[in-house]
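Contents: one structure, followed by commentary.
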Amino acid sequence: MKKKLLLIGGGHAHLYVIKKLQEEAIDAEVSVISPSEHQYYSGMFSGFMEGLYEFEKIRIHIPTLAKKANVTFIKGAALSIDAEAKVVLTEKGDIVPYDVLSIDIGSYTGGIDVPGVRQHALRIKPTYRIEEVVSKLWDADEPVVVGGGAAGIEMALSLHAKRRSEDAPVTLVTQSTLLAGETEKATSKIQEIAKEKGLRVYEHEKVSNVTSSHVITAGGKQIAYDELLWLTGPKAPGIFQTSKLPVDPQGYLLVEDTLQVREYPAIFAAGDCASIKGFPKLPKSGVIAVRQSKVLWDNIKSFIKGEDGTRFQPKQSYLSILSTGNREGLLLYSNLSFHHHLSWKLKNKIDRKFVETYK
Ligand SMILES: Cc1cc2nc3c(=O)[nH]c(=O)nc-3n(C[C@H](O)[C@H](O)[C@H](O)COP(=O)(O)OP(=O)(O)OC[C@H]3O[C@@H](n4cnc5c(N)ncnc54)[C@H](O)[C@@H]3O)c2cc1C
């Protein structure tokens, strides 16, 4: 009897696996579970915010991709995994059996336990909320973004570019400096860009409370808003802890460099939801999920054939390009930074190519 390969989530690495299945059949019946029929590509969210991309350009229809690969699409969200019985329970109450399981469900939004955030702030994740979130921010008079990482900065600068209003700039609040996880050079470059573009930035202001009209910081600042976007970094999905699977201190699923759970080698994971032993500082980014795709595909195939898999070896540095508005981008690679239209052009080319591959 054919083995059952179950893919949870339509993240970057699973899109690759499904695409590969269009080209190469494996000895397994394959299904994919996703709460939305679409996979939204976050690399293009800033361009969508700025009005540069139409909605259809930033998303991939998973059932169409799956059908061409003879993969069954199951609409739903996985709620828990029983690794002993090899079944997945979905939120609708379905029990889906597997022989081989692969998880690529991304991450959720961190910091939402700050009082008032759950009630009042907009969140992008799950990413199928993007259209609604963006349209609310477009209509806002006093939009505020909380989060000074790459995602928060990009979204704030893109919204600022879209509004073209010097009298009512977008406000960004962050508890540290902008791009605190990057080099000092990157931080000072983005500070300079934000200033030049007229973004109103509050650095070193930790938000302690959110009311229906104000963001209140531990330092006593009261910042008025009518729409608030909360983008303070990733948080692990709860499914691993409830399923009693091994996790790292932040709750991400712990995998070997073969992307397999040591205790349950029939379980694979890639992208934001997984932490690779030995590489705890690997950033949660789409670039990493893309890099893991080939290893995931090769190792799932090897596992089904009973062969050894290959190992994921992270690179020292990854290229990242932040859209800064008006078709400009800040390219960061190792110690290099380059702010120019050409950086944005490169980002635009990479991102469009990614989505086109899976259309
Ligand atoms: C605004 C913004 C901009 C960003 N820009 C960039 C960028 O330019 N470059 C970059 O490298 N990174 C960027 N990132 C980070 C990037 O979004 C993530 O690191 C990346 O999406 C992770 O990919 P993934 O494959 O792990 O999961 P995702 O792309 O998040 O996909 C996971 C999928 O799993 C589904 N899912 C979730 N829970 C379940 C469940 N229980 N059952 C079934 N399915 C489930 C989700 O609906 C989703 O479709 C950005 C993030 C944000 C918020």
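The values are calculated or read from the model by the stated rules, or taken from the named source; none is laboratory data. Fair warning: this is a prediction, and the values are worked out from it, not measured in the lab. Please note: Cβ atoms are built from the backbone with ideal geometry, for glycine as well, and neighbour counts cover all protein chains shown.
Within the range 259-277, the only residue that satisfies the criterion of being of a type in the set (Ser, Thr, Tyr) and either in contact (Cβ under 8 Å) with a residue 60 or more places away in the chain or surrounded by fewer than 21 Cβ atoms within 10 Å (Cβ to Cβ) (or both) is TYR264. Among the residues of the range 171-220, what is the count of those that are of a type in the set (A, V, I, L, M), over 23 Å from the mean Cα position of the chain (by Cα) and under 24 Å from ASP139 (Cα atoms)? Qualifying residue count, the range 171-220: 6. Checking the range 139-156 against the condition returns no match, with no residue being in contact (Cβ under 8 Å) with a residue 24 or more places away in the chain and in contact with a Lys or Arg (Cβ under 7 Å, 6 or more places away or on another chain). The set of residues in the range 87-107 that are surrounded by fewer than 18 Cβ atoms within 10 Å (Cβ to Cβ) and not in a strand (DSSP E or B) comprises GLU91, LYS92, GLY93, ASP94, ASP99.
Would you check if there is a residue in the range 146-159 being over 20 Å from the mean Cα position of the chain (by Cα) and not acidic (Asp, Glu)? Lay out the reasoning, then the answer.
Filtering the range 146-159 for residues over 20 Å from the mean Cα position of the chain (by Cα) gives none.
Scanning the range 146-159 turns up no residue that is over 20 Å from the mean Cα position of the chain (by Cα) and not acidic (Asp, Glu).
For every residue, the table says whether it meets (1) more than 10 Å from the ligand (Cβ to nearest atom); (2) over 21 Å from ALA85 (Cα atoms); (3) modelled with pLDDT under 95.
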site	(1), (2), (3)
GLY238	no, no, no
PRO249	yes, yes, no
VAL261	yes, no, no
PHE268	yes, no, no
LYS277	yes, yes, no
SER302	yes, yes, no
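Would you call TYR98 modelled with pLDDT of 95 or more and within 15 Å of the ligand (Cβ to nearest atom)? Walk me through how you get there before you give the answer.
Numbers: modelled with pLDDT of 95 or more: yes; within 15 Å of the ligand (Cβ to nearest atom): yes.
Judged against the criteria, TYR98 is a match.
Checking each residue in the range 150-176 for being among the small types (Gly, Ala, Ser), surrounded by fewer than 20 Cβ atoms within 10 Å (Cβ to Cβ) and within 20 Å of LYS189 (Cβ to Cβ) picks out only SER176. Take GLU29 and tell me if it is outside any loop (DSSP other than H, G, I, E, B) and not hydroxyl-bearing (Ser, Thr, Tyr). In short, yes. When PRO115 is tested against (1) in contact with a strand residue (DSSP E or B) (Cβ under 6 Å, 6 or more places away or on another chain); (2) outside any loop (DSSP other than H, G, I, E, B); (3) more than 12 Å from the ligand (Cβ to nearest atom), just one condition goes unmet, and that condition is (2).
Listed by position, the strands (runs of 3 or more DSSP E) contained in the range 180-293 that have at least 3 residues being farther than 29 Å from ALA168 by Cα and not aromatic (Phe, Trp, Tyr) are 253-255, 274-276.
For the range 280-291, the criterion of being of a type in the set (Gly, Ala, Ser) and over 26 Å from LYS57 (Cβ atoms) is met by no residue.
Scanning the range 118-130 for residues that are part of a helix (DSSP H, G or I) and more than 13 Å from the ligand (Cβ to nearest atom) turns up ARG118, GLN119, HIS120. Put simply, of GLY110, GLY106, GLY43 the only residue that is in contact with a Lys or Arg (Cβ under 6 Å, 6 or more places away or on another chain) and within 30 Å of ALA161 (Cβ to Cβ) is GLY110. Scanning the range 304-353 for residues that are within 20 Å of LEU259 (Cβ to Cβ) and crowded, with 17+ Cβ neighbours inside 10 Å, which turns out farthest from the ligand (Cβ to nearest atom)? The residue in question is ILE304.
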